1. If I stretch the segment between residue 58 and residue 18 completely, what's the gain in nm (0.36 nm per residue apart, minus their alpha carbon distance), one decimal?
2. Sorted by mean Cβ packing within 10 Å, highest first, what order do the peptides 21-27, 53-59 take?
3. For residue 52, what charge total do you get from the other residues with a beta carbon under 13 Å from its beta carbon, if Lys and Arg give +1 and Asp and Glu give -1?
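Bear in mind these aren't lab numbers, they're just calculated from the coordinates by the rules spelled out. The model shown is predicted, which means the values in this text are computed figures rather than measured ones. Note that each Cβ is placed from the backbone with ideal geometry, even for glycine, and that neighbours are counted across all protein chains shown.
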Amino acid sequence: MLRTSSHISKTVHTPQGLGQRLQSAMTQFWRFSRFYGDYQSLPPAERRRFVIERQKRDQ
């Protein structure tokens, strides 16, 4: 059984909130996919530097 912090009845009765959550999840997935694709395209020797530079840029 899965437990969530949100109430199911609240989610069902507020479709606007559900749409915003879905859009947020899709945006996060899109960012991750772009990051992972860029990361995988690099040779293994350059991947650590790529992650460090990305962390500095995002701060």
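1. On the way: separation 40, 0.36 × 40 = 14.40 nm, distance 2.73 nm.
Taking 0.36 nm per residue and subtracting the Cα distance, the gain is 11.7 nm.
2. Values: 21-27: 10.4, 53-59: 8.7.
Ranked from most to least packed, the peptides come out as 21-27, 53-59.
3. Details: positive: 47, 48, 49, 54, 56, 57; negative: 46, 53, 58.
That sum, taken over residues with Cβ under 13 Å, equals +3.
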